[in-house]
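Engineer: A single structure is presented below for examination.
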Amino acid sequence: MSTSSSSHTVDAHIHHDADHHEQGFWSKYVFSTDHKVIGIQYGVTSLLFLFLGFTLMMIMRWQLAYTGEPFPVIRFVLPIGIIGLLTMFVSGFKPSLGTTVGILFIAMAGLIWYLATGEERMPMGIMAPEYYNALGAMHGTIMIFLGVVPLGVGAFGNYVMPLQIGAPDMAFPKLNMMSYWIYLVGGVIMIISFFVPGGAANSGWTSYPPLSEIATEGQTWWLVGMVFLITSSLLGAINFIVTILQLRVKGLGFMRLPFFVWAQFVTSFLLLLAFPPLEAAGILQLLDRVVGTNFFLPSGLVISGEKLVNAGGGTPILWQHLFWFLAHPEVYVLILPAMGIIAEIIANNTRKPLWGYKYIVYSALFIGFMSFIVWAHHMYITGMGTTISAFFQTTTMIISIPSIVILTSLAVSLYGGSIRFNTAMLFALAFIPMFGIGGLTGLPLGLATSDLHLHDTYYVIGHFHYVVAPGTIFALFAGIYWWFPKLTGRTMNETLGKVHFWGSFVCMNFIFFPMLIQGMVGLSRRMYDGGEQYSHNQSVLYLNEVMSIAAWVMAIFQIFFIVNLFVSMKKGKKTTDNHWEATTLDWTATTAPPLAHGNFTTLPTVYHGPYEYSVPGAKKDFTPQNEK
Amino acid sequence: MEHSHEEIKKHVRKYIFVFVALMALTVITVVVSYLHLTITTAVIVALFIATIKGSLVAAYFMHLISEKKVIYITLLFTVFFFIGLIVLTMTAFHDQVMIPHVS
Amino acid sequence: MQIPHTIEHHPETGLYNAKVGIWLFLASEVMLFGALFTSYILLRIGAPTWPHGWEELNIPLATVNTVVLIASSVTMVMSWASLMMKDFKKYKMYMGITVLCGLIFLVIKAFEYGAKFEHHHFPSTNNFFATYFTLTGLHGLHVIGGIIVNAYFWGPGSKMWKTEPQRFINRIEVAGLYWHFVDLVWIFLFPSLYLL
Ligand code: HEM
Ligand SMILES: [Cu+2]
C-alpha cells in the first residue's frame, strides 16, 4: 500500500473499485485506451519482434561462419519451441498473458522452421544468396522499426512518461490505441512478406533504388508496411508532444521534468518532422513499383545485360536524400530514450543529483535540432562535391559534441556516489563505455576522407551496432529491470539478472569489436559469403566464426532473461510501491498503477526538481518531487 | 469565451475581404500564365503570388496572425527544416562530382 | 477520469489539447508535401526536357477548382464564426456548402483525370505526368479525408452542439485548420503544376 509520502495521493485502488464497472477482458486488455495497457502491448509486441530480428541474424551468422554448409534447423527451432512450452506450463495453460506469449513463441519456432527450410530459400539446406539478402534487410527493418523504437518510445514512453508528469492518461487516449494497432498491422504486413513469392524484401533496410525497384514482390509489402509504421509513429509523436506540453501536473515546470521525459519530447519532434519525407519517398517508390512511374529510375538502365524499357528520367540519389533525412534523426530516436532511461537509473543508484542536468537537457535539444542537417554524411560516396561535404562534415562534428556532453555528465555523475550495483545499474554503467565506443567510431565516418575508405564496410556495421546493441538495447534491458517492480509489484531476480548482464556484456564485445577490425581491412558489408572471395579479406576471415559463436552464446544468455521475466511475474519478491526509493512521480505518487484505470485520484503537486537525492538536512536520502 | 459578438463580426468582414483578395490574385496568376514569360520570371511571379495567397489563408483563415507562442515556435522549426531539406538537397545535386543525368 | 485541457485552455500554452495536436499534425504535413515539392523541383531541374504545365493540363478547369476550394475555405471559417455567434442554422448552411464545394472539387478532378487517361497520359508516361498525378492524387486524398470529417460534423457529429457547445466549436476550429491547410497546399500546387 501507499507509503503515503504525499497528502495529495489517495490510493487509486480503493477509490476506483467502488464506482467502477468491471470491464470485459477485451476492452480492458486488448482494445484498451489506457496508456499503461498500451505501453505493455507495445512492450510485448516489440520484444517479440526483437526476438525475431535476433533469430534472423542467428540464421545469417551460420552462413557467414560456415559458408556453404547445410543449416542445422533442429538446433535452432527446438530451444525456442521449448521456451514456448515452458512459458505456457508456468502460466498453467490458463488464458493469460503468459500463455499468449508461450503460444507466440511456439508460432515463432514454426516461423523459423519455415524460414530455414524450403528449396527456394535453402536449396539442400544451404542458404541462397538472395535469401541472405532478404534476411539482412528484414533483420535491420525489424530491429529498428519494429523492435527498438516501439520498445523505447511506444512501450517505455507510453507507460512511464504520463506517470512521470502526473497525467491521468495521454492527451488523446483513442489515438494512442490507434497508434498501437496501426503499428501492429505494419508489423504483420512485414511478417506476411516472408511468405509472398520471392520472399521478403531483399534490398537492405535502406531500400536503395534502382535495386529495390527491380526487386521481388516482397519490396512492395515492405513499402506498404513502412507506410503503416510511419503513420503510427506520427500519431504517437503528436500524442506525446501534446501530453508533455499540456498535461504536466501543477508545479512541474520544464526544468523539473525528469530527463526521461525530455528525451521522449525531443524524440517525438524528430519522429514528427523527419518521418514525413520518408513517407513521401515510400509512396514514390511504391508508385514506381506498382504504377510504373520513374521517380527513382534513371534512363538507360541495364539489368543483367538487358536494357530496361522505361521512360526513365528519375534519380536514385533522391531516394537517398529523403531516406537519410529520416534515417539520421532516426538514430537519435534510437538513442535518446535510451539516454533517458540511463539518466534515471544512474541518478537513483548513485543517490546523487545528476551532474549537469541543465546541460544534459540543452544537449538533447541541440541534438534534436542538429540531427536534421547532418543526413548526407551517409552519402559521401555518391560523388558529392567538396563544398557540400564540407558542410555535412562540419555539422556532423558539431552534433557529436552534445552527445559527448551527455555522456560526460552521466560519467561524472558517478563520481563520489555510493553506487548500488543492481542489475539495472550494471546495464546502465555498461552503456557509458559502449555508447562511447559507438560514438567515437562514428567520427572517422563523419569525415569524408576516412569515410571513402570505411563506407559500406563492416566498420560501419560495428559502429552502429555499438551504439544500438550494447548501447540502446542495454538501456532497454536496464529499463525493464528498473520498471518491472512498478508494473508488477514484484522484483526481478538479481542473480539471474547478473548472469544475463555479464554474459551479454562479454558476448556483445566479441560480436561487434571484430567487425571494426574486419572493416578497417576493407571487408564489405552485405557479403553473402562473409567476404571469402576477396584476397584482401583473408587475414580477418577467421573472425567470422568467432562472432557467430559469440552471437549464439549470447542467445543462450538471453534465456536467463526470458525465464527471469516470466518467473518473476508470478514468483518474484513482493515489494513496496517505491522499490528503488526514487524521487520521480512514477514511483511516489501512485501505487503499482491498476491497469485500465486512471493513474491518480487526486493529481499531485510538485515542489522539487527531479533528482533530489541526499539533500543535506533532509530526513531520508531522497526527496520525492511531490513532498513539501 | 474570449471573442465577443462584435469581434466575430469584425472577423467576418475580414474573411470576406480576404476572399476577394484571393480571387483577384487567382485571376492575376492565371492571366500572367497566358503571357508565357521566360521560365525564371514565370516561377518568380507565380511563387510570389502563391506565397501571398498562402499567407493570407494562414494568417486570417487559420488565425495565425494572433496565435500562441508554442505554435509559432513549432512552425518556425518546421519551416526551417523544410528549407534545410530543399536547399541542402538542391545544393548536393548541384555540387556533384558525377552529374546524375547523362543521357 | 477526465483528461485536463480537452476543452479549457492550458494556463501556460493558452491552448486546448486538440489545437496543439492539429498544428503538430499540420507541421508534419508541411514536411510531407515539402519533400514531394523537393522531389518535383529536383526532377524537373535535372530533366533534359520538361513540358510546361499549360501545354499539357487544363487550366480553365483547374482555375475553377481553385475558386471552388478557396470558396469552401471561406464557408468553413464562416461556419466556425456562426457557431461563435451561436447561430446553429447558419453553421449548418455554411458547413453544408463547404462539403458541397469539396465534392465539386473532386468531381472536376475526376473529369480532368478522365481526359488525361483518354489521351493515354498515365503516371508511367513520363515524370511530368508522374508528379502531376502523384501530387494532385495525394492532395485529392486529403480532400476526401476532409470531406468525411466535415460531413460528419455537419450530420451526426453536430449533436454535440446541444450537449457540449464549447467542445463542438473547438472541433469545428480544428477541422477548419485542417481544411484551410488542404486549401493552402492547393494554392501552391496550382501554379507549380499547371501554370509553369
Ligand atoms: C555520436 C556521433 C556519431 C557520428 C559522428 C556518427 C557518424 C556516422 C556516419 C558518418 C555514418 C555513415 C557511415 C557510412 O555509411 O559510411 C554512420 C552510420 C550509422 N550510424 Fe552513426 N554516428 C554517430 C552516432 C550514432 C548513433 C547515436 C547511432 C544510433 C543510435 C548511430 C547509428 C548509425 C547507423 C544505424 C548507421 C548505419 C546506417 C547504414 O548505412 O545502414 N550513429 N554514423
Ligand atoms: Cu547519421
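The values are calculated or read from the model by the stated rules, or taken from the named source; none is laboratory data. These numbers come from a predicted model, not from an experiment. Because the Cβ atoms are built from the backbone with ideal geometry, glycine has one as well, and the counts that use them run over all protein chains shown. These accessible areas exclude ligands, DNA and RNA; they are computed on the full protein's heavy atoms, side chains included. Shrake-Rupley method; radii C 1.70, N 1.55, O 1.52, S 1.80 Å.
Engineer: Regarding segment A:332-456, what whole-number volume in Å³ per residue does the convex hull of its Cα atoms give?
Structural biologist: Numbers: hull volume 12.5 nm³, N = 125.
Here the figure is 100 Å³ per residue.
Engineer: One quarter of the convex hull surface, Cα atoms only: what value does that give for segment C:17-195 in nm²? Intermediate values should be presented prior to the final figure.
Structural biologist: Numbers: hull surface 41.8 nm².
Taking the Cα atoms of segment C:17-195, their convex hull projects to 10.5 nm² on average.
Engineer: On a 0 to 90 degree scale, rounded to 10, what angle separates helix C:59-84 from the longest Cα axis of chain C?
Structural biologist: The helix C:59-84 is inclined about 10 degrees to chain C.
Engineer: Taking all protein chains as present, what is the carbon and sulfur share of the accessible area of chain A, in % to the nearest whole number, probe 1.4 Å?
Structural biologist: On the way: 15550 of 22070 Å².
That share works out to 70 percent.
Engineer: On to the next question. Within 10 Å of each Cβ in A:167-178, how many Cβ atoms from other chains are there, averaged over the peptide?
Structural biologist: Mean number of neighbouring Cβ atoms from other chains: 2.
Engineer: For A:Lys571, list the lysines whose Cα falls under 16 Å from its own Cα; do not include residues on the same chain fewer than 8 positions away.
Structural biologist: Within the straight-line cut-off, A:Lys571 pairs with A:Lys486.
Engineer: Please sort by residue number the chymotrypsin sites (Phe, Trp or Tyr not before Pro) in segment A:367-442 whose DSSP state is loop and whose Cβ has at most 14 other Cβ atoms within 10 Å.
Structural biologist: Values: sites: A:Phe369, A:Phe372, A:Trp375, A:Tyr380, A:Phe391, A:Phe392, A:Tyr415, A:Phe421, A:Phe427, A:Phe431, A:Phe435; in loops: A:Tyr415, A:Phe421.
Answer in residue order: A:Tyr415, A:Phe421.
Engineer: Also: Looking only at other chains, what is the average number of their beta-carbon atoms within 10 angstrom of each beta-carbon in B:53-59? Each step should come with its number before you reach the end.
Structural biologist: On the way: counts 9, 6, 2, 3, 10, 6, 0.
Averaged over the peptide's residues, the number is 5.
Engineer: Show which lysines lie in cross-link reach of C:Lys92 when reach means a straight Cα distance below 20 angstrom and same-chain residues fewer than eight apart are skipped.
Structural biologist: Partners found: B:Lys9, C:Lys159, C:Lys162.
Engineer: Would you grab the residues whose amide H sits under 5 Å from the one on A:Met384? Only those 5+ places off in sequence or on another chain, please, with H modelled 1.01 Å from N.
Structural biologist: B:Val97
Engineer: Enumerate the calculated ³J(HN,Hα) couplings along segment C:45-55 in order (Karplus 6.51 cos²θ - 1.76 cosθ + 1.60, θ = phi - 60°), each rounded to whole Hz, writing x wherever the residue is Gly or Pro.
Structural biologist: Working through the residues one at a time gives 5, x, 7, x, 9, 8, x, 6, x, 6, 6 Hz.
Engineer: For chain C, which span is the longest to avoid every loop-located (per DSSP) member of GluC sites (Glu not before Pro) having at most 16 other Cβ atoms inside 10 Å?
Structural biologist: On the way: sites that count: C:Glu8, C:Glu12.
Here the longest segment lacking exposed loop sites spans C:13-196.
Engineer: Determine, from the Cβ-Cβ distance of C:Phe122 and A:Thr117 and an R0 of 41 Å, the FRET efficiency 1/(1 + (r/R0)^6), rounded to the nearest 0.05. Walk me through the numbers before you get to the answer.
Structural biologist: Numbers: r = 42 Å, r/R0 = 1.03.
The computed FRET efficiency comes out at 0.45.
Engineer: Rounded to the nearest 100 Å², what is the buried accessible area between C and B, both sides summed, probe 1.4 Å?
Structural biologist: Numbers: alone 10700 and 9110 Å², together 15410 Å².
Approximately 4400 Å², summed over both chains.
Engineer: GluC sites (Glu not before Pro) within segment A:70-136: which are DSSP loop residues with at most 10 other Cβ atoms inside 10 Å?
Structural biologist: For GluC sites (Glu not before Pro) across segment A:70-136 that sit outside H, G, I, E and B with at most 10 neighbouring Cβ atoms in 10 Å, the list reads A:Glu119.
Engineer: So which residue, out of B:His11, B:His36, B:His63, gets the largest mean-square fluctuation from a GNM of chain B using Cα contacts under 10 Å as springs?
Structural biologist: B:His36
Engineer: In whole angstrom, note down how far apart the Cα centers of segment C:72-107 and segment A:397-436 are.
Structural biologist: Cα centres, segment C:72-107 to segment A:397-436: 57 Å.
Engineer: Okay, moving on. Show me the ranking of peptides A:236-248, A:559-571 by mean Cβ neighbours inside 10 Å, starting with the highest. Intermediate results must be reported in sequence, preceding the final value.
Structural biologist: Details: A:236-248: 25.6, A:559-571: 18.0.
The most tightly packed comes first, giving A:236-248, A:559-571.
Engineer: How about segment A:249-349: which trypsin sites (Lys or Arg not before Pro) there are in a DSSP loop, with at most 14 other Cβ atoms within 10 Å of their Cβ?
Structural biologist: Working: sites: A:Lys250, A:Arg256, A:Arg289, A:Lys307; in loops: A:Lys250.
Loop-located and lightly packed - A:Lys250.
Engineer: For chain A, what is the accessible area per residue in Å² when the probe is 1.4 Å? Kindly include the intermediate steps, with their values, before the conclusion.
Structural biologist: Details: 22070 Å² over 628 residues.
About 35 Å² of surface per residue is accessible.
Engineer: Okay, next question. Over segment C:17-195, with every protein chain in place, what whole percent of the accessible area is carbon and sulfur at 1.4 Å, could you tell me?
Structural biologist: Details: 4490 of 6240 Å².
Carbon plus sulfur share of accessible area: 72 percent.
Engineer: Show me the helices of chain A, taken as full DSSP H stretches, that run 24 Å or more along their long axis by Cα and average 1.6 or above in Kyte-Doolittle hydropathy. Intermediate results must be reported in sequence, preceding the final value.
Structural biologist: Working: long enough: A:35-65 (44 Å, 1.17); A:73-90 (26 Å, 2.33); A:97-115 (26 Å, 1.92); A:173-192 (29 Å, 1.28); A:218-246 (42 Å, 1.44); A:259-290 (44 Å, 1.38); A:316-350 (50 Å, 1.03); A:386-413 (41 Å, 1.46); A:423-446 (34 Å, 1.62); A:494-521 (41 Å, 1.02); A:542-571 (44 Å, 1.30).
Going by DSSP H runs, the hits are A:73-90, A:97-115, A:423-446.
Engineer: Using 0.36 nm per residue of separation minus the Cα-Cα distance, give me the extension gain between B:Ile44 and B:Ile16 in nm, one decimal.
Structural biologist: Details: separation 28, 0.36 × 28 = 10.08 nm, distance 2.75 nm.
Fully extending the segment from B:Ile44 to B:Ile16 adds 7.3 nm.
Engineer: Could you run the numbers on buried accessible area between A and C, total for both chains, 1.4 angstrom probe, in Å² to the nearest 100? Can you show the working numbers first?
Structural biologist: On the way: alone 24210 and 10700 Å², together 32140 Å².
By this definition, chains A and C bury close to 2800 Å².
Engineer: What average number of partner chain Cβ atoms lie no more than 10 Å from the Cβ of the residues making up C:183-193? The partial results should precede the final answer.
Structural biologist: On the way: counts 6, 9, 1, 3, 14, 6, 1, 6, 14, 4, 0.
Counting Cβ atoms of other protein chains within 10 Å of each residue's Cβ and averaging gives 6.
Engineer: Compute the acute angle (0 to 90°) between the alpha-carbon long axis of helix C:127-154 and the principal axis of greatest extent of the alpha-carbon atoms of chain C; round to the nearest 10°.
Structural biologist: 20
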